[in-house]
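K.L.:
Quick one: structure below, then a few questions.
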Amino acid sequence: MGWQLASHGLFDVRIKATGDIHIDDHHTNEDVALAIGTALLHALGDRKGINRFGNFSAPLDEALIHVSLDLSGRPHLSYNLDIPTQRVGTYDTQLVEHFFQSLVNTSGMTLHIQQLMFYIPILKTFNRIYIEATFKAFARAIRQATGYDPRHRISMCSSKGVLSRS
């Protein structure tokens, strides 16, 4: 995730994590998501000047993943991703949803992840492609949402004039 966020989101971020991965990846996965979400929350500050909304569709091979997000301060995750296997290497694919739920909870974003194309058994799919497309689409959407718009430099992108965590 760190590489995708840095490369496709154009964020200056480096992540070095250690944990009890000899047991499983759950806690390390969660801790990384919490750290990214917290860093994003602090970096956004009062959210003045940002675009607020972002979306991107990532077509990687037969995987097509769409991500839409709102840096509203209200945490919500809608997750529709069907990864055909339970593991990619040693990584439990159920942790992808948990990663994003942890990130959403700490950053206060509304995030929708939608898989637009589904697994076709006849194709020799690399199951990692669904995860990779998801993280790339997320990075591009967050890049768009955090982009600066000078028309909002003294106010936030809100018709109410306020963005808050609920």
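K.L.:
Please list H112, H26 from largest to smallest accessible area, probe radius 1.4 Å, with all protein chains kept in place.
P.N.:
These residues rank, largest area first, as H112, H26.
K.L.:
Ok, one more. Pull up all non-local amide H partners of V88: gap of 5 or more, or a different chain, and H-to-H distance under 5 Å with H placed in the peptide plane.
P.N.:
T93
K.L.:
For S7 and T90 in one chain, what is 0.36 nm times their gap in residues minus the Cα-Cα distance, to one decimal in nm?
P.N.:
Here the segment from S7 to T90 would lengthen by 27.5 nm.
K.L.:
Kindly state, to the nearest 0.05, the FRET efficiency for N55 paired with T28, given R0 = 22 Å and r defined as their beta-carbon distance.
P.N.:
After rounding, the FRET efficiency stands at 0.15.
K.L.:
Also, I was wondering about something else. At R0 = 25 Å, how high is the FRET efficiency between R151 and R74 if r is their beta carbon distance? Nearest 0.05 is fine.
P.N.:
With R0 = 25 Å, the Cβ-Cβ based efficiency is 0.65.
K.L.:
Please list, in chain and number order, the residues 5+ apart from L64 or on another chain whose amide H is under 5 Å from its amide H, with Hs placed from the backbone.
P.N.:
L116, M117
K.L.:
What nm distance separates the two modelled labels at E97 and I15, each placed 7 Å from Cα along Cα→Cβ?
P.N.:
Roughly 1.9 nm, to one decimal.
The values are calculated or read from the model by the stated rules, or taken from the named source; none is laboratory data. The structure presented is a predicted model; accordingly, all values stated were derived computationally and were not measured. Neighbour counts run over all protein chains shown; Cβ positions are idealised from the backbone, glycine included. With ligands, DNA and RNA removed, areas are computed over all heavy atoms of the protein, side chains included. Shrake-Rupley method; radii C 1.70, N 1.55, O 1.52, S 1.80 Å.
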